[in-house]
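J.: One structure coming up, written as structure tokens, with questions to follow.
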Amino acid sequence: MGYRNSTRRKALTAIGAASTFGLAGCLDSLDELGGGGSDTIQMRTSTEDTAAYQLSQGIAAVADEHGDFNVDARPSDGALQSMRLLDNGTADIAYTDSLNAWEIVNEVGEYEENPLENEIQSVFWYYDIQGGLTARDRDTAESVTDLPGLAVNPNPVGTAMRTQMEAQLEHAISLGDYDELALSYGEEGSALSEGTADVVSDIRINASLTPSYVEEQYSINDDAWLLTWPDEVIESIEGDERPLTGGYISAEDAPGPNYGDRDEEYWTFTVYNTFVKADMDEDVVHDLLELIVDNLDEVTEYHALAEDWEDVEALAEPAADIPDVDMHPGAQSFFEDQGAL
């Protein structure tokens, strides 16, 4: 699967949720689910300080108000851990990015030696994060092919965005040819200004939403240059069997770095979806999606990023389009009923 040309809708993103679903109904089905076989379905994604968790709190509140079930939202340490919790029965619904999900089902990368024991299936799209790379100035590096010999922070260590970025950079250079840094997002701007980093990351949420630390990065680095991705590199990415996703975003929609005479540039897309075990009850999945779609206005009160779920096709398509990963039948039937698949 190659990169996605970004429409305005697909460029929009929502940042993930961490939640726990406690169902009072469907008890016969719940007895077969994880979480120790109790009547609580647990969903884990990320930490309490994230928009992910805030969104989950919104779902919990909506379920408490309108659902035949309750939602008990709890955090986890992030996408990779949440999938391990799903596998060991501590969680019943989790989230991760499409590339990691592909690696799980194909038992490659870290899953070659330590695979999951259970089959996973996708439920619905949660968010995308767009990623670019920014040099101190154009003379430092103009293109991703100029990275060898430079000090580069391709997103923080342990993030899915770094994994996605590095997988795409492999089509341009050998990763061992640059000095790989281990900076947090909050450290990148000053490192670029002080010269301890030559190239750092830039991320966007919903394409047009710029995190505060990225805004600060450009406020102290007037000459920062957004690296270009040559056509031949993107063509090579497109031929990769892995879900290496990306698209073009206009300079107007992603301001901050210098674009020169470009109107747009290619950005990587890290696509997050929610997942369950294959034996998750179909009615539970269907009812959960119905709850979210029918009460989006209230979920949005907890975090505005839930507005991006208003397009049901946007909610469905990324989860249905992960190579080698099946969509759960309960989700499939819901989205087909909605005309979204």
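The values are calculated or read from the model by the stated rules, or taken from the named source; none is laboratory data. No experiment lies behind these values; they were computed from the predicted model shown. Reconstructed Cβ throughout: ideal geometry from the backbone, glycine too, with neighbour counts over all protein chains shown. Each accessible area value is taken on the protein alone, full model and side chains, heavy atoms only, with ligands, DNA and RNA left out. Shrake-Rupley method; radii C 1.70, N 1.55, O 1.52, S 1.80 Å.
J.: Given the C-alpha centroids of region 304-327 and region 96-170, what is the distance between them in whole angstrom?
T.: 20 Å
J.: Let me ask something else about it. Give, in nm to one decimal, the length gained when the segment between Val157 and Glu241 is fully stretched (0.36 nm per residue of separation minus the Cα-Cα distance).
T.: 27.8 nm
J.: Another question about this same structure. Keeping every protein chain present and rolling a 1.4 Å probe, give me the accessible area per residue for region 295-341 in Å².
T.: Accessible surface, normalised per residue, equals 44 Å².
J.: Taking the Cα centre of region 178-279 as the origin and placing charges on Cβ (Lys, Arg +1; Asp, Glu -1), which of Ile249, Trp225, Pro211 is farthest toward the positive end of the dipole?
T.: The Cα lying farthest towards the positive end belongs to Pro211.
J.: Additional query: For region 180-271, what proportion of DSSP beta bridges, expressed in % and rounded to the nearest 5, is antiparallel?
T.: 90 percent
J.: Cα-based Rg of region 85-226 per 2.2 N^0.38 Å, rounded to two decimals?
T.: Ratio of Cα Rg to 2.2 N^0.38 Å: 1.18.
J.: If each residue of separation counts as 0.36 nm, what is the full-extension length gain between Glu264 and Glu216 once their alpha-carbon separation is subtracted?
T.: 15.1 nm
J.: Can you find, among Leu289, Ala331, Gln57, the residue farthest towards the positive end of the dipole of the chain? Put +1 on the C-beta of Lys and Arg, -1 on that of Asp and Glu.
T.: So the residue we want is Gln57.
J.: How long is the gain from Glu290 to Asp64 if the chain were fully straight, where each residue apart is worth 0.36 nm and the alpha carbon distance is subtracted?
T.: Full extension from Glu290 to Asp64 adds 79.9 nm.
J.: One quarter of the convex hull surface, Cα atoms only: what value does that give for the chain in nm²?
T.: Orientation-averaged projected area of the Cα hull: 15.9 nm².
J.: Express the carbon and sulfur contribution to the solvent-accessible surface of the chain as a percent, rounded to the nearest whole number, probe 1.4 angstrom.
T.: 39 percent
J.: Who wins for biggest fluctuation among Val233, Val325, Val271 in a Gaussian network model of the chain, springs between alpha carbons below 10 Å?
T.: Val233
J.: Rounded to the nearest 5, what % of DSSP beta bridges with both residues in the chain are antiparallel?
T.: In the chain, approximately 80 percent of DSSP beta bridges are antiparallel ones.
J.: Dividing the Cα convex hull volume of region 167-294 by residue count, how many Å³ per residue is that?
T.: 173 Å³
J.: OK, next. Quick one: go through region 65-108 and flag any residue whose amide nitrogen is under 19 Å from the point 7 Å out along the Cα-to-Cβ line of Asp279.
T.: So the set is 83-94, 105.
J.: Taking loop as defined by DSSP and a crowding limit of 15 other beta carbons within 10 Å, which GluC sites (Glu not before Pro) in region 66-145 fit?
T.: Taking region 66-145 and a limit of 15 other Cβ atoms within 10 Å, the loop GluC sites (Glu not before Pro) found are Glu107, Glu112, Glu113, Glu117, Glu119, Glu142.
J.: Further, regarding this structure: Please compute the modelled spin-label separation between Glu170 and Asp324, points set 7 Å along Cα→Cβ, answer in nm with one decimal.
T.: Output for this residue pair reads 1.2 nm.
J.: Just tell me, in residue order, which DSSP H segments of the chain are both 20 angstrom or longer along the helix axis (alpha-carbon based) and at least -1.0 in mean Kyte-Doolittle hydropathy.
T.: Length and hydropathy pass: 51-66.
J.: Sticking with this one: With every protein chain present, what is the per residue accessible area of region 109-176 (1.4 Å probe, Å²)?
T.: So region 109-176 comes to 37 Å² accessible per residue, rounded to a whole number.
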